[in-house]
Amino acid sequence: MGELVIKQEGTVVNRIGFHQELRDAVARQACAGNGDVIDHIVMVDIDDFGYVNSIHGLAIGDALLVEYATLLGELLPSNAKLYHFESNLFVIYLPIADKVSVIQMCDQIRLRSLSGVQVNEVLIRITVSIGVTDITADNTVDDVVVNAELALRKAKLQKNKTDFYMPADRAAYIARLNFETELRDCVIDNFRGFEIFYQPLFSTSLSMCIGCEALLRWRGSNNRIVAPAVIIPALQNVGMFNEVESWVFKIAAKQCGEWIDLTGYKEFVMNINVSPKRAAQPGLLDEIMSALEGTSTTLSNVFLELTEDSFIMVNKANMVALGELRDNGVLLAIDDFGTGYSSLGYLKNLPICELKIDRSFVRGIETSPSGREFIGTIITMAHILGFTVCVEGVETLDQARILTALNADILQGYYFSPPVHKEIMAKRFLSTITSGEKFLERFDEMRGNRLAARGLENEVDEIARS
Ligand code: C2E
Ligand code: MG
Ligand code: MG
């Protein structure tokens, strides 16, 4: 956008000019020597600018930037300077302003942007995200730019918003970058530190452990176990989650085969989670088939768990892809049922065979007759639709008894066990398959298992919270 700079001479100068201005501003603060906040940097970024280019074409997009620069200039106090920083990002140097007037200016910019920019015959409405930072004497020029970018990044999370830089932002950002870099390096280094924990599934009719759910964990250099809520978004940010999901398929399928061999129980099930994005990508069937190769695991041993979003978000083509998976013998389950947007009516058309009811429906059923009736109705209707029903998040003996009475097929939850290391899974739960022990007859002993495994669970929770 060098041309833009030249056209708007005097009001909009380029990035080099901005850096020069900033250097002077930082030097002035240093001379003042008291660290008082007087100058600000305000970054204004047009949200979803790509949409403008795609809808109206690049020429209109460029013209919009020129018009918007003029419009912005009109909203600024006379001592402010406006720079075109890059693409759809403008930077305002605002000297000697208090916070209230900065906020007022930002509000005005956002409001004015909403009312639209006239480009030739077209009125284009836009939203902008704004990041603000102070210029203080103890900052370098680079610090100021990074701080403003961090504030903008926060605002961008919601869009059409103004955010201010806070000192904690920088530490959090650096920690996040370090964490993501470490995770990425570990994936490249043959999945170093990645582990799968297994949470047993119990059949109410057979009164035994019939399988487990594979849940991703990562053991960091400090030997602490990190939960998926922390690892998955970080892996997605560095574009490595696909690789890790494929790794989970492979390891879980192999493990399932070993446990089938160990117990002789051919119906053993391994539930594996699949992210909505992965579920919609082609090649999933091939990947599953190759994970099963050379193991005793067959397609009938594996349930792919997909959240409701996977079905709702997907377009028709993706739904066809999921239907094809089902037609090829892949068993699909809806995970966390009740937290998304699907209705029981909608379920009828989905290519699934199992419903996993979210734990939020289990909480309080011991004391709430309506809660019991509610989950009982979901179970009944799911059965009418021909689905197997697994209830997640069973935490107490009473809940387990009630859900058994309400005809849930499979129970899963901390009452029986949190997700555990494969050794514990084999020792505590697979041994009951071989010995033929009936778990429903020993509910209270199961409670002992749960307490014994608490240490692990706390460790995981603690990290997830941090
Ligand atoms: P999910 O698939 O619904 O897995 C169940 C989650 O509930 C697990 O959390 C488990 O530890 C927790 N949980 C089990 N029983 C109880 C209980 O009685 N009470 C409570 N409060 N929680 C219980 P976890 O392991 O932290 O996993 C969180 C989510 O991360 C999973 O939810 C799943 O959506 C995702 N995830 C885990 N591993 C993978 C993976 O390999 N691939 C993908 N795509 N997602 C994964
Ligand atoms: Mg799951
Ligand atoms: Mg779930």
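Derivation of every value follows stated rules applied to the coordinates shown; laboratory data play no part. This structure is a prediction, so every number in the text was calculated from the model and none was measured. Please note: Cβ atoms are built from the backbone with ideal geometry, for glycine as well, and neighbour counts cover all protein chains shown.
Under the shape rule built on the C-alpha gyration tensor, where the axes satisfy a ≥ b ≥ c, the chain is prolate, since a/c reaches at least 1.5 and a/b is greater than b/c. Here the extension length gained between His19 and Asp286 equals 90.8 nm, from 0.36 nm per residue of separation less the Cα-Cα distance.
In this structure, Ala137 and Met319 have a Cβ-Cβ separation that, at R0 = 41 Å, corresponds to a calculated FRET efficiency of about 0.10. Ignoring lysines fewer than eight residues from Lys266 along the same chain, the ones with Cα atoms less than 23 angstrom from its Cα are Lys250, Lys254, Lys356, Lys422, Lys427, Lys438. In this rough spin-label picture, where each label sits 7 Å from Cα along the Cβ direction, the Gln236-Lys277 distance is 0.7 nm. Here is the tail figure for region 35-131: Cα pairs spaced more than 23 Å apart come to 24 percent of all pairs.
Counting only residues at least eight positions apart within a chain, or on another chain, the lysines with an alpha carbon under 27 Å from that of Lys161 are Lys81, Lys99.
The label-point distance for Asn120 and Gln158, in a model that sets each label 7 Å from Cα toward Cβ, rounds to 3.6 nm.
Treating only the Cβ atoms of Lys and Arg (+1) and Asp and Glu (-1) as charged, compute the dipole magnitude of the chain about its Cα centre; round to the nearest 20 debye.
Dipole size: approximately 600 debye.
For the pair Ile96 and Arg224, a Förster radius of 45 Å applied to the C-beta separation gives a FRET efficiency near 0.40, rounded to the nearest 0.05.
As a proxy for reagent exposure, Glu180, Glu305, Glu195, Glu293 were ordered by neighbouring Cβ count within 10 angstrom, fewest first; the result is Glu293, Glu195, Glu180, Glu305.
About the Cα centre, and with charges only on the beta carbon of Lys, Arg (+1) and Asp, Glu (-1), how big is the dipole of region 191-465? Nearest 20 debye, please. Before the final figure, lay out each step's value.
Values: 26 positive and 34 negative charges, 60 e Å.
The dipole of region 191-465 has a size of about 280 debye.
As a test of the formula, what do you get for the chain when each DSSP H run with n ≥ 4 contributes -39,500 (n - 2.57) and the sum is divided by the residue count, at 222 nm and rounded to the nearest 500 deg cm²/dmol? Rounded to the nearest 500, the figure is -15000 deg cm²/dmol. Scanning the chain for DSSP H helices at least 18 Å long along the axis (C-alpha atoms) with a Kyte-Doolittle mean no lower than 1.0 picks out 58-75.
Distance from the alpha carbon centroid of region 209-223 to that of region 146-163 works out to 35 angstrom.
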